[in-house]
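This report refers to the structure that appears directly beneath it.
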Amino acid sequence: MPLTPANVIPQAPASEDPRTEMAPVLETRHGVVDMRRRTAIMGILNVTPDSFSDGGRYVDFDAALARGIEMAREGASIVDVGGESTRPGAAAVPPEAELERVVPVIRELRAQVSVPISIDTYKEAVARRALEAGADMVNDISALRFDPAMARLVAAEEVPVVLMHMQGRPRTMQRAPRYVNVVREVAAFLRERVTFAMERGVGAHRIVVDPGIGFGKDMGHNLELLRRLDAVVSLGQPVLVGLSRKAFLGRLLDEGTPEARLEGSLAGAAAAVLAGAHMIRAHDVAQTCRAVRVAEAIRAGAPAVSRGGA
């Protein structure tokens, strides 16, 4: 039976229309992601040979499919499939290669799980084929800037889109990034991109914003954005935060390998939830779900479910 986590509703309740709700609710072709009470977890599935975080562990079709199914079982509200590494210094991948990596995985994953699937790409041709294969939304690190056709596709297909802030491009973004006021500049950029998308027919209720932790930012910039995440939340769109296994966590923890940054990733996810994030993008889905549950209880001022004790 297809797998569905607690906050993905197979069909929108008849008494509620997500398009008119001020609360963060995303309607997709395969369920409604309700973020009013429970933070959504977006599981990261990199089907690339050169990912910074997992070193090509899931470039094999069977391994990628198994991991996607596992993430749904662990509680992922969305599985985010990407076929091009966007680590610092990464080179662009031709659309044909990207399609060969992602389309078979998305097609089979769609048959195996009922949670929404996201395609992590900034290329319209890749997004189009991914949506045809069963993807439900687009996660665009360029915020609709790199491919002029992407906004038209998202509007025409009426699917949710993630708009992320990035200074520069993956190949150059970490070469001495500079800001006068990183929080103000990131919030202003995201506000402008939301307006851009809406002017091209993308519904406001389908837009998620992402401050782009680690994308053209140094450690100080990342920490300041997390401290002042309220400035991004105040834009009124659902906020996605992705800091899982990022290099700045490795520097803070004195850990060189991405896999050793679990505690830092969980601490950052909890901080983001307490600051108002609606969605967390993570490699370690099961652990992140548990950490986020505690953060949610703290934010709500209510005790977490307990089997006894203080």
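No value in this document is a laboratory result; all are computed from the given coordinates. Keep in mind the model is a prediction, meaning the values are calculated, not measured. Neighbour counts run over all protein chains shown; Cβ positions are idealised from the backbone, glycine included.
Report the label-to-label distance for Thr195 and Val294 in nanometres (one decimal), using points 7 Å from each Cα along the Cα→Cβ vector.
About 4.2 nm separates the two model spin labels.
Provide the FRET efficiency to the nearest 0.05 for the Ala149-Ala267 pair, computing r from the beta carbons and using R0 = 51 Å.
0.85
Tally Lys/Arg at +1 and Asp/Glu at -1 over every other residue whose Cβ is under 13 Å from the Cβ of Tyr179; what's the total?
The answer is +1.
Under a Cβ-Cβ cut-off of 13 Å, what is the net charge of the residues other than Gln167 that fall near it, where Lys and Arg count +1 and Asp and Glu count -1?
The answer is +4.
Which order do peptides 184-197, 278-291, 230-243 fall in by mean Cβ count within 10 Å, highest first?
Going from most to least packed, we get 278-291, 230-243, 184-197.
Would segment 38-300 count as rounded, prolate or oblate if I go by the C-alpha gyration tensor, calling it rounded below 1.5 in a/c and otherwise prolate when a/b exceeds b/c, oblate otherwise?
rounded
For segment 151-197, take every pair of Cα atoms, bin their distances at 10 Å starting from 0, and report each bin as a whole percent.
Reading upward from the zero bin: 22, 43, 28, 8.
Please list 126-133, 62-69 highest first by mean number of surrounding beta-carbon atoms within 10 Å per residue.
My ranking of the peptides, most packed first, is 126-133, 62-69.
Quote the FRET efficiency, to the nearest 0.05, computed for Ala204 versus Leu274 with a Förster distance R0 of 30 Å and r equal to the Cβ-Cβ distance.
0.70
Which of the peptides 212-221, 93-102 is most tightly packed, and how do the rest follow, judged by the mean count of other Cβ atoms within 10 Å per residue?
In decreasing order of mean packing, 212-221, 93-102 become 212-221, 93-102.
So how much slack lies between Glu255 and Arg37, counting 0.36 nm per residue of separation and subtracting their Cα-Cα distance, in nm?
75.1 nm
Helix-only mean residue ellipticity at 222 nm, the chain, DSSP H runs n ≥ 4 weighted -39,500 (n - 2.57), per residue, nearest 500. What is it?
-11500 deg cm²/dmol
For segment 38-300, build the charge dipole from Cβ charges (+1 Lys, Arg; -1 Asp, Glu) around the Cα centre, then report which of Ile106, Thr86, Met164 sits farthest towards its positive end.
Met164
Please compute the contact order of segment 49-192 in relative form: average sequence separation of alpha-carbon pairs under 8 Å and at least six residues apart, divided by the residue count, as a percent.
Contact order relative to length: 20 percent.
Hey, what did the chain get for relative contact order, percent, Cα under 8 Å, at least 6 apart?
In percent, rounded to a whole number, it is 17.
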